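Okay, so here's the structure we're looking at.
Please treat every number below as a calculation from the coordinates, not as lab data. This is a predicted model, so every value here is computed, not measured. Positions of Cβ are generated from backbone atoms using ideal geometry, with glycine treated the same way; all protein chains shown enter the neighbour counts.
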Amino acid sequence: MQIPPPFEYERATSIDHAIALLDRLGPEARLVAGGHSLLPMMKLRLARPEHLIDINDLDMAYVRVEGGEIRIGAMTRHRELLESAVAAEHYAIFGEAERVIADPIVRNRGTVGGSLCQADPSEDLSAVMSALGATVVLRSKNGERTVAAREFHLGPYETAVQPGEIVTEIRVPIRNRTGSAYQKVERRAGDWAIAASGVFVSLDAGTISDCGIGLTAVGVEHFCAPAAEDALRGQAPTEANIVAAAQLAADASNPSSDQRGPADYKRHLANELTARALRRAIARAQGGS
Ligand SMILES: Cc1cc2nc3c(=O)[nH]c(=O)nc-3n(C[C@H](O)[C@H](O)[C@H](O)COP(=O)(O)OP(=O)(O)OC[C@H]3O[C@@H](n4cnc5c(N)ncnc54)[C@H](O)[C@@H]3O)c2cc1C
């Protein structure tokens, strides 16, 4: 069935208005951003909100630097992040991940906030934000709070967003002498990942001073691989250390066999893609391409 059940429609004019509507309409109301996840779910009747609160008019589409962070508004479209010079200046991972998310039609409408809130286990930006140690900003009638991206995703399609809350912004710390990269294998152009790995590496005097490793579609908790990160911090950026960390990332994965491939193939990809992303990020941190 491709027709959604009936629903009432409200168009929010400000963040406060959206919050007031969420409060008044209660748990059967859902925010709609780009609609590229929610509307298909409604058409399949997997979601049956009684009210849709459209947040497309809200002033939440921007990528800017403030307070030593990149601040990305929740309504920023995938295309805007892909084309953002600010994002590209600090982290190549944004462009590399966005270029392989869906197709131009989806990227023109789908939003950064909607992607994170959908929390699909194969979602690319969740891995990117976990790798980068981003923070998610939420607002409700009780004020503002922040949640680490690594604590934002509680499980498949489950997030820390509470009833009455709206995600307004994602904040990513800016780091010096840092390189980043995203590596994804998909069945065909524009498809969801069979597996993907995104990393950042910061170097200080020839040593890895900090790093982040995010994975998607392979069943790692919170889209990240902390044991692999710990193994790299304080170490030299050598091939042996890269290979060992990539193995730890694969060990942290728990993929399922499905139409995208068998579990052992996905685990192999988690290993290989993490190694490739680390090599590329280290080269960038060292001032290479
Ligand atoms: C054909 C196709 C291919 C795709 N391929 C990929 C892919 O390869 N990789 C990938 O990562 N993604 C992919 N996607 C997913 C796409 O990126 C997401 O559907 C989209 O970005 C979700 O954002 P949206 O703005 O459309 O969210 P919506 O569909 O509007 O909302 C999704 C959910 O988030 C909630 N929500 C939205 N905004 C907020 C907010 N600010 N605060 C609180 N809750 C909010 C909504 O209530 C809803 O529950 C694909 C989608 C399609 C249709």
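Structure notes:
- Of the residues making up segment 247-269, just one is touching a Leu at 6+ places or on another chain (Cβ under 7 Å) and within 17 Å of Cys211 (Cα to Cα), namely Ala249.
- Hits in segment 178-198 (condition: in a strand (DSSP E or B) and either of a type in the set (Asp, Glu) or more than 22 Å from Glu221 (Cα to Cα) (or both)): Thr178, Gly179, Glu186
- Answer from Gly219, Gly190, Gly287 - the residue that is surrounded by 15 or more Cβ atoms within 10 Å (Cβ to Cβ) and out of contact with any strand residue (DSSP E or B) (no Cβ under 8 Å at 6 or more places or on another chain): Gly219
- Evaluation of Val243 against the conditions (1) within 16 Å of the ligand (Cβ to nearest atom); (2) surrounded by fewer than 18 Cβ atoms within 10 Å (Cβ to Cβ); (3) β-branched (Val, Ile, Thr) shows that the sole unmet condition is (1).
- Cross-chain or 6+ apart pairs with Cβ under 6 Å, segment 30-56 first and in contact (Cβ under 8 Å) with a residue 12 or more places away in the chain and within 22 Å of Gly164 (Cβ to Cβ), then near the ligand (Cβ under 6 Å from one of its atoms) and among the hydroxyl-bearing types (Ser, Thr, Tyr): Ala33/Thr111; Gly34/Thr111
- Residues of segment 106-137 that are within 15 Å of Leu82 (Cα to Cα) and more than 8 Å from the ligand (Cβ to nearest atom): Asn108, Val128, Met129.
- Residue among Glu272, Glu229 that is crowded, with 19+ Cβ neighbours inside 10 Å, free of Cβ contacts under 8 Å to residues at least 40 places away in the same chain and acidic (Asp, Glu): Glu229
- Within segment 61-79, residues that are under 12 Å from His90 (Cβ atoms) sit with their Cβ atoms under 7 Å from residues that are within 13 Å of the ligand (Cβ to nearest atom) and part of a loop (DSSP other than H, G, I, E, B), at 6+ positions apart or across chains, in these pairs: Val63/Thr76.
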